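> Can you read through this structure? Questions will come right after.
The values are calculated or read from the model by the stated rules, or taken from the named source; none is laboratory data. As the structure is a computational prediction, the values presented were derived from the model and not from experiment. Every residue, glycine among them, receives a Cβ derived from its backbone with ideal geometry; neighbour counts consider all protein chains shown. Accessible surface areas use protein heavy atoms only, side chains included; no ligands, DNA or RNA. Shrake-Rupley method; radii C 1.70, N 1.55, O 1.52, S 1.80 Å.
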Amino acid sequence: AQSVSQHNHHVILSEAASLELGCNYSYGGTVNLFWYVQYPGQHLQLLLKYFSGDPLVKGIKGFEAEFIKSKFSFNLRKPSVQWSDTAEYFCSVKAGNQFYFGTGTSLTVIP
Amino acid sequence: GAVVSQHPSRVICKSGTSVKIECRSLDFQATTMFWYRQFPKQSLMLMATSNEGSKATYEQGVEKDKFLINHASLTLSTLTVTSAHPEDSSFYICSARDSLEGEKLFFGSGTQLSVL
């Protein structure tokens, strides 16, 4: 069965630290890739998406992600996190006619 | 881990018919479930929040009479697209909140609705 793995369930960082959240998927065909964020008390927001083209995708709020096809990965990065980045982050893959979501990574940024 | 089952995965229907989509939490109780819609190459759009035993809360611009939501049990929420039209063709995705696991959110795999 297809799946999406987010290896880090809970990450705690100090402000200004760099962030990388892992996302791996198991599907050999063409995929569309997404990262979503859910801030406390709010609904999902799209951070960035990849459909084709440049595998390094830049999103909102300084986030970026790199699609590495050979590794089936789409890791999310931010060079310097802020306290306001504290949230739940979800990786999502559209493969064929199905969507698959990771179980989420909870990020806590300490001021 | 917790699993959310969404059925059907794909449905094709004629214009004017109604389509029911089910979202089940398989190994946890979900007092709150969410329904989203995704247009091609766009973000998930929250349609409504479904609360067990009470009326759903719809987002602005979502027609509650067209998208009927029922959350009659702690493990099942249904979305019925009534009198479907071609413009309702989209992906519909549900998610469920596990209140016993720190309010974690788990997602169904989506339903592709095509209205002819």
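> Looking at this structure, is A:Ser73 over 21 Å from A:Ser3 (Cβ atoms) and of a type in the set (S, T, N, Q)? Let's see the steps before the verdict.
Working: over 21 Å from A:Ser3 (Cβ atoms): no; of a type in the set (S, T, N, Q): yes.
In short, no.
> How about region A:63-105: which of its residues are touching a Ser or Thr at 6+ places or on another chain (Cβ under 9 Å), away from every other protein chain (no Cβ under 14 Å) and open to solvent by less than 10 Å² (accessible area, probe 1.4 Å)?
A:Leu76, A:Val81
> Looking at A:Gly28, A:Gly53, A:Gly41, which one is out of contact with any strand residue (DSSP E or B) (no Cβ under 8 Å at 6 or more places or on another chain), within 15 Å of A:Val93 (Cβ to Cβ) and either among the charged types (D, E, K, R) or not in a strand (DSSP E or B) (or both)? Reasoning before the result, please.
Values: A:Gly53 fails: within 15 Å of A:Val93 (Cβ to Cβ); A:Gly41 fails: within 15 Å of A:Val93 (Cβ to Cβ).
Result of the check over A:Gly28, A:Gly53, A:Gly41: A:Gly28.
> So, one more: Is it the case that B:Ala56 is open to solvent by less than 40 Å² (accessible area, probe 1.4 Å) and within 13 Å of chain A (Cβ to nearest Cβ)?
When the stated conditions are applied, B:Ala56 does not pass them.
> Scan region B:1-44 for residues that are facing chain A (nearest Cβ under 10 Å) and of a type outside the set (Phe, Trp, Tyr) and jot them down.
If the condition is that a residue be facing chain A (nearest Cβ under 10 Å) and of a type outside the set (Phe, Trp, Tyr), then B:Gly1, B:Ala2, B:Val4, B:Gln6, B:Ser9, B:Arg10, B:Gln38, B:Pro40, B:Lys41, B:Gln42, B:Ser43, B:Leu44 are the ones that fit.
> Next question, about the same structure. What residue, among those in region A:1-14 that are farther than 23 Å from A:Gln45 by Cβ and in contact with a strand residue (DSSP E or B) (Cβ under 8 Å, 6 or more places away or on another chain), is least open to solvent (accessible area, probe 1.4 Å)?
Taking the candidates together, the pick is A:Ser3.
> Now for a separate question. Can you pull out every residue in region B:72-116 that is in contact with a Leu (Cβ under 9 Å, 6 or more places away or on another chain) and basic (Lys, Arg)?
Kept after step one, since they are in contact with a Leu (Cβ under 9 Å, 6 or more places away or on another chain), are these residues of region B:72-116: B:75, B:78-82, B:84, B:86, B:88-98, B:105, B:111.
Residue satisfying the conditions is B:Arg97 alone.
> Here is a further query. Quick check: anything in region B:86-97 under 23 Å from A:Ser92 (Cβ atoms), away from chain A (no Cβ under 14 Å) and either among the charged types (D, E, K, R) or part of a loop (DSSP other than H, G, I, E, B) (or both)? Talk me through it step by step, then tell me what you get.
Filtering region B:86-97 down to residues under 23 Å from A:Ser92 (Cβ atoms) leaves B:88-97.
The next check asks that each one be away from chain A (no Cβ under 14 Å); those that pass are B:88.
With the extra rule that they be either among the charged types (D, E, K, R) or part of a loop (DSSP other than H, G, I, E, B) (or both), the set shrinks to B:88.
Scanning region B:86-97, I find at least one residue that is under 23 Å from A:Ser92 (Cβ atoms), away from chain A (no Cβ under 14 Å) and either among the charged types (D, E, K, R) or part of a loop (DSSP other than H, G, I, E, B) (or both), so the answer is yes.
> List the pairs whose first member sits in region B:21-43 and is under 21 Å from B:Lys64 (Cβ atoms), whose second member is assigned to a loop (DSSP other than H, G, I, E, B), and whose Cβ atoms are under 7 Å apart, counting only residues at least 6 apart or on separate chains?
B:Cys23/B:Gly108; B:Ala30/B:Leu74; B:Ala30/B:Thr75; B:Thr31/B:Glu52; B:Thr31/B:Leu74; B:Thr31/B:Ser99
> While we're looking at this one, here's another question. Restricting the search to region A:15-62, which residues are away from chain B (no Cβ under 13 Å), open to solvent by 70 Å² or more (accessible area, probe 1.4 Å), closer than 18 Å to A:Thr105 by Cα and over 15 Å from the mean Cα position of the chain (by Cα)?
Scanning region A:15-62 gives a single hit, A:Glu15.
> Just give me the residues in region B:66-116 being over 14 Å from the mean Cα position of the chain (by Cα), over 19 Å from B:Ile12 (Cβ atoms) and open to solvent by 30 Å² or more (accessible area, probe 1.4 Å), in sequence order.
Passing the criteria: B:Ser73, B:Leu74, B:Ser99, B:Leu100, B:Glu101, B:Gly102, B:Glu103, B:Lys104.
> Given the condition at the interface with another protein chain (Cβ under 9 Å from one of its Cβ atoms), on the phi < 0 side of the Ramachandran plot, in a strand (DSSP E or B) and not β-branched (Val, Ile, Thr), answer yes or no: does some residue in region B:67-81 qualify?
Scanning region B:67-81 turns up no residue that is at the interface with another protein chain (Cβ under 9 Å from one of its Cβ atoms), on the phi < 0 side of the Ramachandran plot, in a strand (DSSP E or B) and not β-branched (Val, Ile, Thr).
> Separate question: Take region B:84-100 and flag every residue that is within 15 Å of B:Met33 (Cβ to Cβ) and among the acidic types (Asp, Glu).
Correct list: B:Asp98 only.
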